[in-house]
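Worksheet: one structure, shown below.
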Amino acid sequence: MESGKPGRAHDDPKPVFAAVIRPHRSLGRNGFRVMMILCAGVAGATAIRFATLGFWPVGGFLMLDLVGLYLAFRISYRRGRAFEEVVLTPIELMFRRVTHRGDAREWRLNPLWTRLHRETDEDYGLQRLALVSRGERITIAGELSPPEREHFADEFGNALAQVKRGY
């Protein structure tokens, strides 16, 4: 999550709040390469050991496991390209959701008629965050963890309240 600082002037078109929310990926490209090399080394050594014992088909199954692991990570990284963008100005709230395929959907709302709805669980924290405006409900920040979502909700809620107060 990347966020901006609040602006000050009424007529200033600069954002009062701006954030880009991206899905978290715990393993970077270099970590992925190291992990695949280590897994391939272990699978190769294991395959050689089983082949010397006469159980040569085990090597093929180990290679299938490696291919499955590689494909799972590639799919995960591809889905990591998705993001959400929130830009709040004194006259407009723009929310844009872009999928991993590049398909974008955008909502433009009046910040005076928009409220931030929170669904909190006592044990697990903030579970769902939504923008509600004129009967429309848009779930946001779904990719964030509950503590990150809480922090985002606090910052964005303060900025929204500031716009409603007229700065």
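Since every read-out is calculated from the coordinates, none of them should be taken as a lab result. Here the structure is a predicted model, which means the values were calculated and not measured. Every residue, glycine among them, receives a Cβ derived from its backbone with ideal geometry; neighbour counts consider all protein chains shown.
The table that follows gives values for the structure above.
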quantity	calculated
Subset of region 120-134 [closer than 18 Å to VAL16 by Cβ and of a type in the set (Gly, Ala, Ser)]	SER133
Residue pairs meeting the criteria (Cβ under 9 Å; at least 6 apart or on separate chains; first farther than 14 Å from ILE21 by Cα, in region 135-155; second of a type in the set (Val, Ile, Thr))	ILE138/VAL132
Subset of region 102-132 [in contact with a helix residue (DSSP H, G or I) (Cβ under 9 Å, 6 or more places away or on another chain) and in a loop (DSSP other than H, G, I, E, B)]	TYR124
Subset tally (residues that are hydrophobic (A, V, I, L, M, F, W, C), surrounded by fewer than 16 Cβ atoms within 10 Å (Cβ to Cβ) and closer than 19 Å to ARG165 by Cβ) for region 85-115	3
